[in-house]
Amino acid sequence: MHELSIAISMIDQIAEESASRGGLDVEAVHLRLGVFAGVDKNALLFAYELACEGTPLQGSRLIIETVPLLVYCPVCRQERTPPSVYQICCPECLAPTPEILTGREMEVASLEVAA
Amino acid sequence: MSTRMVEVRAKVMKQNDLLARALRERFQQQNTCVIGLVSSPGSGKTAFLEKVLAGLARDHGVAALVGDLATENDAARLQRATPNVKQITTGTICHLDASMIERALEGWHLDNVDFLFIENVGNLVCPSSYDLGEELRFVLLSATEGEDKPLKYPTIFNSSDVAIITKMDMADAAEFDLATARRNIESVRPGMKIFEVSSKTGQGMGEVFNFLRAQLARPRTTAPLLEEAAL
Ligand SMILES: Nc1nc2c(ncn2[C@@H]2O[C@H](COP(=O)(O)OP(=O)(O)O)[C@@H](O)[C@H]2O)c(=O)[nH]1
Ligand SMILES: [Mg+2]
Ligand SMILES: [Zn+2]
């Protein structure tokens, strides 16, 4: 369960962003989370609520956008979605591909703040 | 009440990744090849490292950091091969992070260290998100834990550079299907280098030593382990 550590890093990160913008009243946090980021979505939602307690983010909502796995197929020369997270190959020509384009993201995309 | 959206695009792991980058630059300057080891608890990381350290210590400067939730047992085992060993006890934390590595290395001079090994806490999930500044990540999988581990933990296998199948001396007793295991690793991380070893008999260790020594000849890289870690 490292989602609590991740949630704490996230809150620190948001506090920094907020401070650099003169202090924000954050109501919701939009996170982009890749399926290959090594983080469980539900565990993170749970950990976020816990980690927010007693911080300025208490009561804020976490909204997670899942970023799918995309690879580059060197044979088809195209972006492809592999058949699954444990079959990292092209779904059309079945060529294995070590090149992952998206899916590892763990990024606070935006904040919804009181206007 | 109305709200407005503020774009931030901030990487959650930014603090860790910045520290990892600084560590990687330091390792490069000192010309130290740093290798992280991850696996389930009990897959044989410490046993493998004991063999590796003992084998390399004759000709090279070696050091190791070893992470566990509790006890200094693993460090004591590794100290038989080299005095340059430090235990990192993480308490309840299920992974190492870059700040723990930085703290553990305080006061250490890496000038004469060719290889630094970092044994992570036994866990195939949590360590995958944390760049430790290592140059290569080895993932270990023992012949006694089933062929489908790579399929069940694709993230850590995909984020590793080398797979080591350990306890090969027990493969027959465990009816381990080596071909399937290799196919599963290849499926999750195409092109991954795979070694089959036994830390008990020494089987396969020669190839590991050749691979490690070949790393020294390569220029040290400061490229982050994962694409996403780039800031
Ligand atoms: N037969 C055999 N046993 C091994 C081998 N490697 C490790 N072991 C045993 O497996 C257990 C766990 O090994 P350890 O190195 O402590 O695993 P770690 O938790 O990954 O560091 C110990 O009892 C080791 O003696 C091996 O190659 N062959
Ligand atoms: Mg160990
Ligand atoms: Zn293709």
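The values are calculated or read from the model by the stated rules, or taken from the named source; none is laboratory data. Everything quoted here is computed from the prediction, not taken from an experiment. Cβ placement follows ideal geometry from the backbone for every residue including glycine, while neighbour counts extend to all protein chains displayed. Only protein heavy atoms, including side chains, enter the accessible area calculation; ligands, DNA and RNA are left aside. Shrake-Rupley method; radii C 1.70, N 1.55, O 1.52, S 1.80 Å.
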Residues in segment B:26-57 that are open to solvent by less than 10 Å² (accessible area, probe 1.4 Å), within 15 Å of ligand 1 (Cβ to nearest atom) and part of a loop (DSSP other than H, G, I, E, B) total 2
Within segment A:24-40, of all residues that are more than 7 Å from every other protein chain (Cβ to nearest Cβ) and of a type in the set (V, I, T), the one nearest to A:L101 (Cα to Cα) is A:V35
* To do: Within segment B:113-133, identify whether any single residue is modelled with pLDDT of 95 or more, within 14 Å of chain A (Cβ to nearest Cβ) and in a strand (DSSP E or B), and answer yes or no.
  => no
### Message
Taking the conditions exactly as written (modelled with pLDDT of 95 or more and assigned to a loop (DSSP other than H, G, I, E, B)), does B:G202 satisfy them or not?
### Response
yes
Picking from A:C73, A:C52, A:C89, the residue that is in contact with a helix residue (DSSP H, G or I) (Cβ under 8 Å, 6 or more places away or on another chain) and within 12 Å of chain B (Cβ to nearest Cβ) would be A:C89
What do you reckon, is A:V113 in a strand (DSSP E or B), more than 16 Å from ligand 1 (Cβ to nearest atom), within 16 Å of the chain's Cα centre (by Cα) and over 30 Å from B:G122 (Cβ atoms)?
no
Given (1) at pLDDT below 95; (2) away from chain A (no Cβ under 14 Å); (3) within 16 Å of ligand 1 (Cβ to nearest atom); (4) touching a Ser or Thr at 6+ places or on another chain (Cβ under 7 Å), B:L69 misses just (2)
Within segment B:89-112, residues of a type outside the set (D, E) and either within 14 Å of B:E134 (Cβ to Cβ) or open to solvent by less than 10 Å² (accessible area, probe 1.4 Å) (or both) come out as B:H95, B:L96, B:A98, B:M100, B:I101, B:A104, B:L105, B:L110
Within segment B:165-196, residues of a type in the set (V, I, T), within 16 Å of ligand 1 (Cβ to nearest atom) and either within 28 Å of A:C90 (Cβ to Cβ) or open to solvent by 30 Å² or more (accessible area, probe 1.4 Å) (or both) come out as B:I165, B:I194
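The rows are residues; the columns are (1) open to solvent by less than 10 Å² (accessible area, probe 1.4 Å); (2) more than 8 Å from every other protein chain (Cβ to nearest Cβ); (3) over 13 Å from the mean Cα position of the chain (by Cα).
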{"position": "A:I8", "(1), (2), (3)": "no, yes, yes"}
{"position": "A:D12", "(1), (2), (3)": "no, no, yes"}
{"position": "A:E17", "(1), (2), (3)": "no, no, yes"}
{"position": "A:G22", "(1), (2), (3)": "no, yes, yes"}
{"position": "A:N42", "(1), (2), (3)": "no, yes, no"}
Reported set for segment A:55-101 where residues are away from ligand 3 (no atom under 12 Å from the Cβ), surrounded by fewer than 19 Cβ atoms within 10 Å (Cβ to Cβ) and of a type in the set (S, T, N, Q) is A:T55, A:Q58, A:T66, A:S84, A:Q87
